[in-house]
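The values are calculated or read from the model by the stated rules, or taken from the named source; none is laboratory data. Nothing here was measured: the structure is a model prediction, and the numbers come from that model. Note: ideal-geometry Cβ built from the backbone for every residue, glycine included; neighbour counts use all protein chains shown.
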Protein chains: 2
Amino acid sequence: MDAALAEARSAAARGEVPVGAVITRNGQIIARAGNRTRELHDPTAHAETLAIREACAALKSERLPDCDLWVTLEPCPACAATISAARLKRLYYAAPDPKSGGVCHGPRIFTHPQAHHAPEVYSGLLEDQSAALLRAFFASKR
Amino acid sequence: MDAALAEARSAAARGEVPVGAVITRNGQIIARAGNRTRELHDPTAHAETLAIREACAALKSERLPDCDLWVTLEPCPACAATISAARLKRLYYAAPDPKSGGVCHGPRIFTHPQAHHAPEVYSGLLEDQSAALLRAFFASKR
């Protein structure tokens, strides 16, 4: 999660909402990304979705069943559904997102019988640091 | 929807699940795409998400508030959440997807108070042709 937080800090430095993600496989980081929605004019360029796309490209596979995702904020519904589609094994996230999260809030993507795959979910790792980074970013925009 | 069906047929010819999408603005098509998940090893490379990314890149905007999306199959939860994030005005889809759809099935993405935007939704246009194309594709794979 330290590496994901570093990606979040880099995103903030680029003027993006500070969220970062890494994907690990057998304890090694195989992909890392920060938010780039503004830079790329791409509403899907959230940190976790960019990391999933990078890992899939690296492994030449649409699925990542032996990989874990670490992200500094609760994934939104689109990213949560992408995590399900990519069959990630575990999801670790730092801070909850009551306004826009899709794992423990809103559509709670993994709870539907229709979800093709639900990862194991762990939350709260480095939550304070991630939340402080997001608060500072939005305070600076006001 | 005819143009979206043509994209779906092209996807089938490439060995991809035959779903196609186009985005229109002021009655003109500004982006068109078919499924490319296998070719790109990318679980996010669904027709409608590729078309949204193409339209956003063309307009240099994360949002498409004066655009409409036409897709041959009910969007999955990830694509539905992306449609919400991109603020598309209207969604037209051909065939329902009881197994994997996220608009009228499963998490019903647009129905949550938390959804930041819900497009107008119209379904059933060219439903029979789209459903027949999907049935023929999956029958050929068995």
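Considering only the stretch A:87-117, state which residues are of a type in the set (A, V, I, L, M), under 21 Å from B:GLN114 (Cα atoms) and either modelled with pLDDT of 95 or more or touching a Lys or Arg at 6+ places or on another chain (Cβ under 9 Å) (or both). Selection gives A:ALA94, A:ALA95, A:VAL103, A:ILE109. Of A:PRO65, A:PRO77, all but one fail to be farther than 22 Å from A:GLN129 by Cβ and crowded, with 24+ Cβ neighbours inside 10 Å; the exception is A:PRO77.
Hey, could you check the stretch B:21-38 for residues that are part of a loop (DSSP other than H, G, I, E, B) and within 22 Å of A:ALA80 (Cα to Cα) and say which is farthest from the chain's Cα centre (by Cα)? Filtering first and then ranking leaves B:ARG36. Applying a threshold of 9 Å to beta carbon distances and a minimum spacing of six or more residues, or different chains, the list of pairs starting in the stretch A:108-122 at a residue that is closer than 9 Å to B:GLY106 by Cα and ending at one that is among the hydroxyl-bearing types (Ser, Thr, Tyr) and outside any loop (DSSP other than H, G, I, E, B) reads A:ILE109/A:SER84; A:ALA115/A:SER84.
Taking the conditions (1) buried (at least 17 other Cβ atoms within 10 Å of the Cβ); (2) among the basic types (Lys, Arg); (3) within 21 Å of B:LEU133 (Cα to Cα) in turn, B:ARG14 satisfies each one other than (1). One residue stands out in the stretch B:21-64 among those that are over 26 Å from A:SER61 (Cβ atoms) and among the polar types (S, T, N, Q): the one that is nearest to the other protein chains (Cβ to nearest Cβ), namely B:SER61.
Considering each residue of the stretch A:39-72, count those that are part of a loop (DSSP other than H, G, I, E, B) and within 25 Å of B:GLU54 (Cα to Cα), and give that number. Here the count works out to 10.
A:VAL103 - would you say it is of a type in the set (A, V, I, L, M), in a loop (DSSP other than H, G, I, E, B) and in contact with an Asp or Glu (Cβ under 6 Å, 6 or more places away or on another chain)?
When the stated conditions are applied, A:VAL103 passes them.
Just name the residue that is nearest to the other protein chains (Cβ to nearest Cβ) out of those in the stretch B:6-20 that are of a type in the set (D, E, K, R) and assigned to a loop (DSSP other than H, G, I, E, B). Taking the candidates together, the pick is B:GLU16.
None of B:ALA115, B:ALA94 is among the small types (Gly, Ala, Ser), in a strand (DSSP E or B), under 23 Å from A:ALA85 (Cα atoms) and out of contact with any Phe, Trp or Tyr (no Cβ under 8 Å at 6 or more places or on another chain) except B:ALA94. Can you tell me which residue is nearest to the chain's Cα centre (by Cα) among those in the stretch A:70-110 that are under 19 Å from A:ASP42 (Cβ atoms) and away from every other protein chain (no Cβ under 12 Å)? Among them, the one singled out is A:VAL71.
Candidates B:LEU134, B:LEU126: the one that is over 25 Å from A:GLU62 (Cβ atoms) and of a type outside the set (D, E, K, R) is B:LEU126. When the stretch B:105-127 is filtered for residues that are surrounded by 16 or more Cβ atoms within 10 Å (Cβ to Cβ) and among the acidic types (Asp, Glu), only B:GLU127 remains.
Residue check: A:SER140 meets all listed conditions (1) at the interface with another protein chain (Cβ under 8 Å from one of its Cβ atoms); (2) free of Cβ contacts under 8 Å to residues at least 12 places away in the same chain; (3) farther than 18 Å from B:ALA85 by Cβ but one, namely (1).
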